[in-house]
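**Q** Take a look at the following structure, please.
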Amino acid sequence: MTSEESLEFAAALIADARSVVVFTGAGVSAESGIPTYRTGTDGLWSAQNMQRFANPAGYRANLLEAYQWYRARAEGVASAQPNSAHVAIVELERVVPRMTLVTQNIDSLHQRAGSREVLELHGNLRCVRCDACSSRVPWTEAPADPCCTGCGGMLRPEVVMFGELLPEQAYVAAHAAAESCDVLISVGTSSQVFPASGLPLAALVGGAWVIVVNPEIDGQPTHEQVLPLPGAAGQLMPDLVRRAAARKAARAHG
Ligand code: OAD
């Protein structure tokens, strides 16, 4: 298939679907200027070698430095703006009968673009939480030191670190939606972190099509119901949603 044919085919799948899951990763926010984890030299887990802050033991061992690193990330995402891919995903909700948005991202850009229900699998950078008393405070009001003003416990970001469990409710809901959807659109993820990366597989097992939007893939399907769309989310997602909406409108008038 040419890329034009693939886009039209993807649009037709979406237009026909009763239930769509959009599953996003760091790449959906790349065009908002937020570095991804594993791409190129500015990936968070490569050039800066910050993986040591992302597991509970590493966080504790490097407490002040790690706390400040998360604070800087929270400030970075707060000053970023949603891009056209986030906006297209909001629009998609109006095009399909049922849509579930599942993200691995902690940047809240989907919500800031206007998505109201977002299943966040890896937490968020909105708040810090006390490890001892579980009280939460927004990063904008967080103390300079990682020490809870209420009980003196250790403050930590509200993100899922390596080795920790995903928020159960969000994961269960995401898995149920993936298993039963007609189409899952994977946008901007390297699909390397389990269990989130199992969602496209759950969709395939349930008989759904999986559309993959990512500039780092080639156009070769890895499965008969996987449709790769090589390209940037900020360009492809608005195009895809426009085409799907046009098909539905044409059908409604025809
Ligand atoms: P990665 O950094 O692993 O992957 C980002 C993906 O986005 C890559 O496959 C890129 O090719 C793709 N990409 C880059 N620019 C893009 C663009 N403009 N449009 C579309 N795609 C683009 O990020 P994730 O897959 O999200 O977890 O990583 C998953 C998890 O690993 C993260 O949630 C984080 C990390 O460890 C935790 O911190 C728990």
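The values are calculated or read from the model by the stated rules, or taken from the named source; none is laboratory data. Only a predicted model underlies this, so the values are computations on that prediction, with no experimental measurement involved. When we count neighbours, we look across all protein chains shown, and the Cβ atoms used for this are built from the backbone with ideal geometry, even at glycine. Please note that ligands, DNA and RNA were not included when accessible areas were found on the heavy atoms of the full protein model with its side chains. Shrake-Rupley method; radii C 1.70, N 1.55, O 1.52, S 1.80 Å.
**Q** State the number of residues belonging to region 37-60 that are modelled with pLDDT of 80 or more and either open to solvent by less than 80 Å² (accessible area, probe 1.4 Å) or within 10 Å of the ligand (Cβ to nearest atom) (or both).
**A** Matching residues across region 37-60 total 9.
**Q** Follow-up. Would you confirm whether any residue within region 150-168 is part of a helix (DSSP H, G or I) and farther than 24 Å from residue 83 by Cα?
**A** yes
**Q** Please give the number of the condition residue 30 fails out of (1) open to solvent by less than 20 Å² (accessible area, probe 1.4 Å); (2) under 23 Å from residue 199 (Cα atoms); (3) modelled with pLDDT of 95 or more.
**A** Residue 30 satisfies every listed condition except (1).
**Q** Let me ask something else. More than 11 Å from the ligand (Cβ to nearest atom), outside any loop (DSSP other than H, G, I, E, B), in contact with a strand residue (DSSP E or B) (Cβ under 8 Å, 6 or more places away or on another chain) and open to solvent by 30 Å² or more (accessible area, probe 1.4 Å): is that true of residue 132 in this structure? Give the derivation first.
**A** Details: more than 11 Å from the ligand (Cβ to nearest atom): yes; outside any loop (DSSP other than H, G, I, E, B): no; in contact with a strand residue (DSSP E or B) (Cβ under 8 Å, 6 or more places away or on another chain): yes; open to solvent by 30 Å² or more (accessible area, probe 1.4 Å): yes.
Answer is no for this residue.
**Q** When the residues of region 129-158 are narrowed to those that are of a type in the set (A, V, I, L, M, F, W, C) and either assigned by TED's automatic domain parsing to the domain that holds residue 101 or free of Cβ contacts under 8 Å to residues at least 60 places away in the same chain (or both), which ends up farthest from residue 53 (Cα to Cα)?
**A** First pass over region 129-158, keeping only residues of a type in the set (A, V, I, L, M, F, W, C): 130, 132-133, 137, 139, 142, 144, 147-148, 151, 154-155.
The next check asks that each one be either assigned by TED's automatic domain parsing to the domain that holds residue 101 or free of Cβ contacts under 8 Å to residues at least 60 places away in the same chain (or both); those that pass are 130, 132-133, 137, 144, 147-148, 151.
Working: 130: 17, 132: 19, 133: 22, 137: 20, 144: 18, 147: 17, 148: 19, 151: 23 Å.
Only one residue tops the list, namely 151.
**Q** In region 224-233, is there at least one residue being near the ligand (Cβ under 10 Å from one of its atoms), at pLDDT 95 or above and over 16 Å from residue 5 (Cβ atoms)? Break it down stepwise before answering.
**A** To start, the set of residues in region 224-233 that are near the ligand (Cβ under 10 Å from one of its atoms) comprises 229-233.
Narrowing the set further to residues that are at pLDDT 95 or above leaves 229-233.
From what's left, over 16 Å from residue 5 (Cβ atoms): 232-233.
Yes, region 224-233 contains a residue that is near the ligand (Cβ under 10 Å from one of its atoms), at pLDDT 95 or above and over 16 Å from residue 5 (Cβ atoms).
**Q** Any chance you could count how many residues in region 67-83 are in a helix (DSSP H, G or I) and either without any contact (Cβ under 8 Å) to a residue 40 or more places away in the chain or farther than 21 Å from residue 164 by Cβ (or both)? Can you show your working first?
**A** Quick first cut of region 67-83, residues in a helix (DSSP H, G or I) only: 67-79.
Remaining after also requiring either without any contact (Cβ under 8 Å) to a residue 40 or more places away in the chain or farther than 21 Å from residue 164 by Cβ (or both): 68-69, 72, 75-76, 78-79.
So the count comes out to 7.
**Q** If I ask for residues that are closer than 12 Å to residue 77 by Cβ and assigned to a loop (DSSP other than H, G, I, E, B), which ones from region 108-127 would you list?
**A** So the first thing to find is which residues in region 108-127 are closer than 12 Å to residue 77 by Cβ, and the list is 108-112, 124-126.
Across region 108-127, the qualifying residue is only 108.
**Q** Ok, one more. If you go through region 147-197 one residue at a time, how many are away from the ligand (no atom under 11 Å from the Cβ) and open to solvent by less than 20 Å² (accessible area, probe 1.4 Å)?
**A** 12
**Q** Right, next: For region 219-244, give me each residue that is part of a helix (DSSP H, G or I) and open to solvent by less than 40 Å² (accessible area, probe 1.4 Å).
**A** Step one: filter region 219-244 for residues part of a helix (DSSP H, G or I), giving 233-244.
Matches in region 219-244: 233, 234, 236, 237, 238, 239, 240, 241, 244.
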